[in-house]
1. Determine, yes or no, whether GLU78 is loosely packed, with under 13 Cβ neighbours inside 10 Å, without any contact (Cβ under 8 Å) to a residue 60 or more places away in the chain and over 16 Å from ARG129 (Cβ atoms).
2. Quick check, is GLU91 surrounded by fewer than 16 Cβ atoms within 10 Å (Cβ to Cβ) and touching a residue at least 12 places away in the same chain (Cβ under 8 Å)?
3. For the stretch 119-143, which positions are within 19 Å of THR42 (Cα to Cα) and touching a strand residue (DSSP E or B) at 6+ places or on another chain (Cβ under 7 Å)?
4. Among the residues of the stretch 1-28, which ones are assigned to a loop (DSSP other than H, G, I, E, B), over 30 Å from GLU97 (Cβ atoms) and touching a strand residue (DSSP E or B) at 6+ places or on another chain (Cβ under 9 Å)?
5. Of the numbered conditions (1) within 30 Å of HIS13 (Cβ to Cβ); (2) modelled with pLDDT of 95 or more, LEU131 fails exactly one; give the number of that condition.
6. Residues being loosely packed, with under 13 Cβ neighbours inside 10 Å and under 12 Å from ILE64 (Cα atoms): count how many of those fall in the stretch 9-24.
7. For residues in the stretch 29-46 being in contact with a strand residue (DSSP E or B) (Cβ under 6 Å, 6 or more places away or on another chain) and closer than 17 Å to PHE105 by Cα, which is surrounded by the most Cβ atoms within 10 Å (Cβ to Cβ)?
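The values are calculated or read from the model by the stated rules, or taken from the named source; none is laboratory data. No experiment lies behind these values; they were computed from the predicted model shown. Quick reminder, even Gly has a Cβ in these numbers, built from the backbone with ideal geometry, and neighbours come from all protein chains shown.
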Amino acid sequence: MVHVLTKVLRRIHQSLRVKGSLLIIQPTPENSTIQLEVEGNTKFSEELKEPNFLRYLEATSASIGNIVSEGLFVIEDEAITPDEGSYHSREYDSLDEWVEDHKPFCEDLEAFNEMSVKIRSIAGKQEHRILEYWREDKVLLRRS
């Protein structure tokens, strides 16, 4: 997979004008945390283990390293957002809404389905909401 991503980044390099920039934003290589709230109280909070997805993130990092070492791009800036101890969050009005949003893009369906079943058994028919927390890695590359 690294060679495919590296090839894509090479093509992007060719399409950028001189001194053009490329911003890559992806989740950090840490699992997102999924939380269930019922009546304002946290009833469940657990990391969603996604080893396949984490391998994609690692492959992207390796590809960025490849094109930088080839001299096609230089790293202009790099940051993890939000800062240490803070997270981006997304709120869902129900487990069904979270499943509908997340499942089509999930690379680790077995772990996702296990967590969904666990959350559903805790929530039952009670009114609830799902919160998802994650951080992002941003890399700004400049064509050299």
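1. No, not satisfied.
2. In short, yes.
3. ILE119, ILE122, ALA123, GLN126, HIS128, ARG129, ILE130, LEU131, GLU132, TYR133, TRP134
4. Within the stretch 1-28, LEU16, ARG17, VAL18, LYS19, GLY20 meet the criteria.
5. LEU131 satisfies all of (1) within 30 Å of HIS13 (Cβ to Cβ); (2) modelled with pLDDT of 95 or more except (1).
6. Residues that pass the stated criteria total 1.
7. Ranking the qualifying residues of the stretch 29-46, first place goes to ILE34.
The rows are residues; the columns are (1) part of a helix (DSSP H, G or I); (2) in contact with a Pro (Cβ under 8 Å, 6 or more places away or on another chain); (3) of a type in the set (S, T, N, Q); (4) closer than 23 Å to MET1 by Cβ.
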residue	(1), (2), (3), (4)
THR42	no, no, yes, no
LYS49	no, no, no, yes
LEU54	yes, yes, no, yes
VAL68	yes, no, no, yes
GLU78	no, no, no, yes
